[in-house]
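Inspection log for the structure reproduced underneath, given as C-alpha cells.
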Amino acid sequence: MTTSPARVPAAPSQGGRPRVVIIGSGFGGLFAAQRLRKADVDITLIGKTSHHLFQPLLYQVATGILSEGEIAPSTREVLRRQENVRVVLGEVVDIDLAARTVTSTVLGRTAVHPYDELIVAAGAGQSYFGNDRFAEFAPGMKSIDDALELRGRIFGAFELAELADDQAEIDRLLTFVVVGAGPTGVEMAGQIAELAHRTLRHDFRRIDPTTARVVLLDAAPAVLPSFGEKLGDRARRQLNQTGVEVQLGAMVTNVDADGIEIKDADGQVRRINAATKIWAAGVQASPLGRMLGEQSGAEVDRAGRVSVLPDLSLPGHPEVHVVGDMMALNKLPGVAQVAIQGGRYAADQITRRLAGKAALPPFTYHDKGSMATISRFHAVTDLGKLKFEGFLAWVMWLVVHLFYIVGFKSRVTTVLHWLVSFLGRGRSQRVATQQQVFGRLALENLGPAFEASKTGGPRTVPDGEDLTGRESA
Ligand SMILES: Cc1cc2nc3c(=O)[nH]c(=O)nc-3n(C[C@H](O)[C@H](O)[C@H](O)COP(=O)(O)OP(=O)(O)OC[C@H]3O[C@@H](n4cnc5c(N)ncnc54)[C@H](O)[C@@H]3O)c2cc1C
C-alpha cells in the first residue's frame, strides 16, 4: 500500500504577525534571522541540516585538526533565546511564488509554510562541470558528511598502505590528488602534506608517511587566481616547500577508483594512480535558484545563480529576497561576507517594508579581503591594496576565523585544538569509521525510499518492503 506524504501543519502565525520564512541556516540565513531578532514578525527558518556550518574550516575537520561540532553548532541552540524564530528541519522542495508558500520535507514528513516575506539562502553545492560520475571516487567538500568521509579516506589510505606488500600499491595509496587550486584546494593540499610530513611521521612501522605524494592540480594556469599573480606565485612556491606538487593547465578527463586521468595544456593525456582524490573545483547554486527563475522569469546563470535586483529582491517579487551563493549581482564572489552582508540587508529591507518605511538604497558589498592558509605559520592575505603573506597573514587568518566561529564553547575548543596541531604535531580528531567513508555511496545505492522506511510513522514507500537487502531488518 502506498500512502500520500504526511502533512505536518505549519506553525500558525501568532497574533497575525507577518510571517518571514528563511530557507537555509548557513551564513546568509542565520545572519538574516539574527538581524530580525527585534522585529515584530514570526520567523520560520528551514534548514536541510540541523546545524549552521562554518564551511571555511571544513578542511580542518577533514584533516583531523577540528571536530565537526566546533564548526557546526546546532542552529536551534544558536537561536534558542530569539523567541520570534522557529527552527524547522527539512529540505525545501518547492517554492510557490503565486501562493506564497514553501514546501519542505524530511524523511517522508512534508510541511507547507505560508510566508509574507521570504529569504532564500540555500547556498551552493559541488559542481563536477557535467561529470557527476566523478563524485563516486572524488568526493567534494561542502558538508560535514563530506569532511568526515574525506578524513576517513585520508587516514584510511595510510592504514591500507601499512598493510600492502607491493610497492606500486603502496605508492597508489600514498598518493593524494586535490583538484582545484582555489583557497579550498590549496588549504586541503597543504594540510595533507603537513599531516604526512609532520603528524604521521613516526606512527607507522612498515611505510614512511613522509614519502606520500600530494598533487594539487587545476585546469587554470594559476594558483589562487582571485588573489592576483604575485600572491598566487608566492603561494605556489610555499606549497612546493611544504611538499605539494602543483600541476597547472591540467584538466581532469576521468576519475576511477584507482586514479585520475588528466589532459595537459599540450593535449597529452596521462594518468596518476591515486587512491584518494578530492574535488575542490567548482560550485553549482541550489536547484531552488532555477525554480525561482522559472516562476519569475529572472535570469539564471550557468552556475544556477539567480539574477536579483540591486535590492536583492527577485524581479517582480519584492517580497522574495535571494542572498549569498545563490544570487548573481555585479559579479560578487561566492564568499561568506557576501552572504552575511546580503542576509542582514534583506532583513533590514523586510523590517522597513513591514513598517511602511522607504526602501534602503541598493545593496553595496564591503569587501573585507580574502585569506587562505597554505601551511602551519603561513598564509596569504589580500586586503585590496595591501597584499601580504607569511606568519603575520597566518595570525590574521587565525584571529578572523576565530571571530566568525559561532559560539563561545566552540571558540575555546578550537583554540585548544589549534595549539595541539600547530604548536605540537598532533591531530586531536583522527577517528575514521567505515560508515563515514562508505555511507554516502551506500545511501545513494539504496535510494531515497530507504530513509523513509527506517524512521517509522508516516511513509511514502510500500509497507513491509525491505530495501536493505538483508534477510530480516
Ligand atoms: C570548503 C569551503 C571553504 C570555503 N572557504 C571560504 C573562506 O575561506 N572564506 C569565505 O569567505 N568563503 C569561503 N567559502 C564560501 C562560503 O562558505 C560561502 O560563500 C557561504 O557559505 C555562502 O553562504 P550561503 O548562506 O549562501 O550558503 P551556505 O552557507 O552554504 O548555506 C546554505 C544553507 O542552506 C541549506 N540548504 C540548502 N538547500 C536547502 C534546501 N533545499 N532546503 C533547506 N535548506 C537548504 C544548507 O543546508 C545550508 O544550511 C568556502 C566554502 C567551502 C565549501
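Points to keep in mind about this one:
- Net charge of Cβ neighbours under 9 Å - reference Val283; Lys, Arg +1; Asp, Glu -1: 0
- In percent, rounded to a whole number, the relative contact order of the stretch 26-76 is 40, using alpha-carbon pairs under 8 Å and six or more apart.
- For Met326, neighbours were defined as the other residues whose beta-carbon sits under 12 Å from its Cβ, and their charges (Lys and Arg +1, Asp and Glu -1) total 0.
- Between 0 and 90 degrees, the angle of helix 434-446 with respect to the longest Cα principal axis of the chain falls at about 50 degrees.
- Under 12 Å, Cβ to Cβ, from Arg198 - net charge with Lys/Arg +1 and Asp/Glu -1: +2
- Least to most buried among Val20, Val85, Val269 (fewest other Cβ within 10 Å first): Val269, Val85, Val20
- Sequence ranges 424-433, 108-117, 374-383, ranked by mean other-Cβ count within 10 angstrom, highest first: 374-383, 108-117, 424-433
- Rounded to the nearest 10 degrees, the inclination of helix 336-354 to the longest alpha-carbon principal axis of the chain is 0 degrees.
- When only the Cβ of Lys, Arg, Asp and Glu is charged (+1, +1, -1, -1), the dipole of the chain relative to its Cα centre reaches about 1640 debye.
- Relative contact order for the chain, counting Cα pairs under 8 Å that sit 6 or more residues apart, in percent: 19
- Column: log10 I(q)/I(0), Debye, Cα scatterers of the stretch 251-365, q = 0.14, 0.16, 0.23 Å⁻¹: -0.67, -0.77, -1.20
- Dimensions of the chain from C-alpha coordinates, computed as largest minus smallest value along each principal axis and given longest first, are 69, 66, 47 Å.
- When peptides 180-193, 300-313, 36-49, 127-140 are sorted by average Cβ neighbour count within 10 Å, with the highest value leading, the order is 180-193, 36-49, 300-313, 127-140.
- Between the stretch 299-368 and the stretch 115-154, the alpha-carbon center distance in angstrom: 23
- Dipole of the chain [Lys/Arg +1, Asp/Glu -1 at C-beta], most positive-end residue of Ala99, Gly47, Val420: Val420
- 0 to 90° range, to nearest 10: angle between helix 183-194 axis and the chain longest Cα axis: 40
- Alpha-carbon centroids, the stretch 24-66 and the stretch 178-246: separation in whole Å: 29
- Helix-only CD estimate at 222 nm, as mean residue ellipticity for the chain, using -39500 (n - 2.57) per DSSP H run (n ≥ 4): -9500 deg cm²/dmol
Rule-based calculations on the coordinates, nothing more; no lab input. Worth saying up front: this structure is predicted, and the values here are computed from it rather than measured. For neighbour counting, all protein chains shown are included, and Cβ atoms are generated from backbone atoms with ideal geometry for every residue, glycine included.
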